[in-house]
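Following: one structure in structure tokens, then a few remarks.
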Amino acid sequence: MRGTILHFLKDPGETPDPRAWEVFEDGVLAVDSDGKVAWAGRAERLPDRLREGARQEDHRGKLIVPGFVDTHVHASQVDIIASYGEQLLQWLEKYVFPAEAKFDDPAHARAVTGFFLDRLLAAGTTTASVFPTVHPVSVDAFFEQAAARRLRMLCGKVLMDRAPYAPAYLRDADVDQAERETRELIDRWHGKGRLGYSLTPRFAPTSTERLLTMVGNLHRERPDLWLQTHVAENREEVALVKKLFGGRSYVDVYRRYGLVTGKSLFAHGIHIDDTDRSQLAAAGSALAFCPTSNLFLGSGLFDLHAARAQRVHVGMGTDIGAGTSYSMLQTLNEAYKVTALRGRRLSAHRGFYLATLGGAQALDLDRVIGNFLPGKEADFTVLDWAATPELARRTEVARTFDERLFALMVLGGEQAVTATYVLGNRVHQRRS
Ligand code: GUN
Ligand code: ZN
């Protein structure tokens with residue numbers, strides 16, 4: 001693949017540190033026949049052994065970056081994106097739970113999941129940590145179609161058993177059955193190809209103490225599994241968790257059940273304090289920053305600076321369907337505005353880091369994806385500096401690469417994704 005190549009070796013930080021990335025203006029990304037990165041660098045330095053017999057694709061004038069990592073998204077909420085007028089708890093009741101109930105029908109689950117995965121690829125996203133529904137068939141539908149597309153994906157059956165916050169029509173009948181179903185799905189899918197199983201208790205209010213205890217025990221038994229849930233997204237939710245569980249904080253409730261581990265990913269974490277952050281950091285847990293969702297539901301402003309100061313891993317999430325775009329560029333655009341409202345900044349370099357290597361680190365997948373070091377899986381996306389007239393014009397007058405990259409982050413969106421590749425093969429091509 002020939003084009004301009006950008007990837008990250010570490011977190012550039014807030015300043016940002018130019019040793020954290022490599023840019024090859026006229027670059028080559030060489031991919032092995034098994035879909036792994038063989039080499040990335042300046043075109044003129046491409047080793048001869050990689051030139052011979054190689055099929056070449058020309059993306060000169062475009063930007064090639066590692067596939068985006070969406071660290072928090074709901075495959076089950078495709079049809080309720082842009083639902084009007086509520087904050088979290090009422091929005092769940094009114095829109096989300098009825099939509100998720102339809103996933104007891106395998107044909108519906110398959111149709112929605114196929115659409116969902118195609119939208120991710122069109123947005124340049126090649127890896128995600130995904131919530132399906134409480135129905136085992138929703139997990140099968142997701143993993144079957146992710147496997148067919150050869151994607152590296154995390155997912156697991158949503159666990160929710162507590163009345164009245166989990167409604168009767170969308171509830172695990174009992175914890176033993178929820179555990180049996182979870183174990184069956186783990187056996188069927190975890191470690192199969194590029195798929196990983198993530199224990200997925202929805203959040204504390206929909207969980208009984210028995211359920212959280214089961215999840216904690218299972219994770220202790222199987223530390224190779226991932227774990228995903230939501231934490232401290234909304235003030236009313238935080239007050240409810242305090243009422244139901246007591247404890248010093250919401251994070252502390254999850255700690256009590258052994259859910260705060262190096263494989264844990266917590267969505268949102270807006271209303272937390274530095275004690276929570278240092279506990280998350282000590283455990284090696286990560287937070288998913290979902291700005292379009294946080295703004296849409298009026299949840300609050302994630303504190304990216306505080307997370308960095310306490311050394312908590314952070315990834316970006318679209319959080320469809322509370323989020324309003326599948327595009328990681330659009331998500332970074334909104335993230336910039338959230339940091340601005342907090343009197344801070346998000347540079348384009350740190351933004352692209354968070355959407356690629358940062359996300360991979362948050363999901364503990366950086367050994368296999370996230371940048372173009374040799375041996376990594378070659379998932380990448382090709383971005384167009386001139387995707388729209390306004391971006392083309394802004395790019396043309398930009399004086400530096402940094403300026404162009406920032407314009408792409410803010411104005412890019414899904415239109416900017418020309419093509420998406422998985423294991424070196426093109427799986428999406430923009431029309432026109
Ligand atoms: N908290 C518990 N469930 C959900 C969900 O589906 N979406 C969001 N944004 N927050 C949640
Ligand atoms: Zn969510």
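The values are calculated or read from the model by the stated rules, or taken from the named source; none is laboratory data. Quick caveat: nothing in here was measured; it's all calculated off a predicted structure. Cβ atoms come from the backbone with ideal geometry, glycine included; neighbour counts cover every protein chain shown.
Overview of values
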read-out	value
Residue pairs meeting the criteria (Cβ under 8 Å; at least 6 apart or on separate chains; first free of Cβ contacts under 8 Å to residues at least 40 places away in the same chain and of a type in the set (Lys, Arg), in segment 297-322; second away from ligand 2 (no atom under 15 Å from the Cβ) and in a helix (DSSP H, G or I))	ARG311/ALA281
Number of the condition not met by SER207 [criteria: (1) closer than 19 Å to ARG152 by Cβ; (2) surrounded by 23 or more Cβ atoms within 10 Å (Cβ to Cβ)]	(1)
Any hit, segment 405-413, residues being in contact with a Lys or Arg (Cβ under 7 Å, 6 or more places away or on another chain), surrounded by 19 or more Cβ atoms within 10 Å (Cβ to Cβ) and without any contact (Cβ under 8 Å) to a residue 24 or more places away in the chain	yes
Verdict on ALA288 being out of contact with any helix residue (DSSP H, G or I) (no Cβ under 8 Å at 6 or more places or on another chain) and of a type outside the set (S, T, N, Q)	no
Pairs, first away from ligand 2 (no atom under 15 Å from the Cβ) in segment 70-95, second not aromatic (Phe, Trp, Tyr), C-beta under 6 Å, six or more apart	ASP79/ALA99; LYS94/GLU86
Boolean, TYR84 is within 13 Å of ligand 1 (Cβ to nearest atom), hydroxyl-bearing (Ser, Thr, Tyr) and either at positive phi or modelled with pLDDT of 95 or more (or both)	no
Test: residue in segment 331-343 that is within 22 Å of ALA282 (Cβ to Cβ) and within 18 Å of the chain's Cα centre (by Cα)	no
Qualifying residue in segment 76-96 (condition: in a strand (DSSP E or B) and either in contact with a Lys or Arg (Cβ under 6 Å, 6 or more places away or on another chain) or more than 21 Å from SER198 (Cα to Cα) (or both))	no
Cβ pairs under 7 Å, 6+ apart, first in segment 375-402 and more than 22 Å from PRO66 (Cβ to Cβ), second surrounded by fewer than 19 Cβ atoms within 10 Å (Cβ to Cβ)	THR388/GLN415; ALA392/ALA386
Only one of THR182, THR127, THR133 that is in a helix (DSSP H, G or I), on the phi < 0 side of the Ramachandran plot and in contact (Cβ under 8 Å) with a residue 12 or more places away in the chain	THR182
Within segment 200-293, strands (runs of 3 or more DSSP E) holding 1 or more residues that are among the basic types (Lys, Arg)	none
Identity of the residue in segment 217-257, surrounded by fewer than 17 Cβ atoms within 10 Å (Cβ to Cβ) and on the phi > 0 side of the Ramachandran plot, that ends up nearest to ligand 1 (Cβ to nearest atom)	GLY247
Members of segment 293-324 found to be farther than 16 Å from ALA232 by Cα and either away from ligand 1 (no atom under 16 Å from the Cβ) or crowded, with 22+ Cβ neighbours inside 10 Å (or both), listed by number	HIS305, ARG308, ALA309, GLN310, ARG311, HIS313, GLY315, MET316, THR318, ILE320, GLY321, GLY323
Number of the exception - ALA107 against (1) of a type in the set (A, V, I, L, M); (2) out of contact with any Phe, Trp or Tyr (no Cβ under 8 Å at 6 or more places or on another chain); (3) within 15 Å of ligand 1 (Cβ to nearest atom); (4) in a helix (DSSP H, G or I)	(3)
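Here's the yes/no breakdown for (1) within 20 Å of GLU377 (Cα to Cα); (2) in contact with a Lys or Arg (Cβ under 8 Å, 6 or more places away or on another chain); (3) surrounded by 17 or more Cβ atoms within 10 Å (Cβ to Cβ):
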| site | (1), (2), (3) |
| --- | --- |
| HIS7 | yes, no, yes |
| SER33 | yes, no, no |
| GLY41 | yes, no, no |
| ASP48 | no, no, no |
| GLY53 | no, no, no |
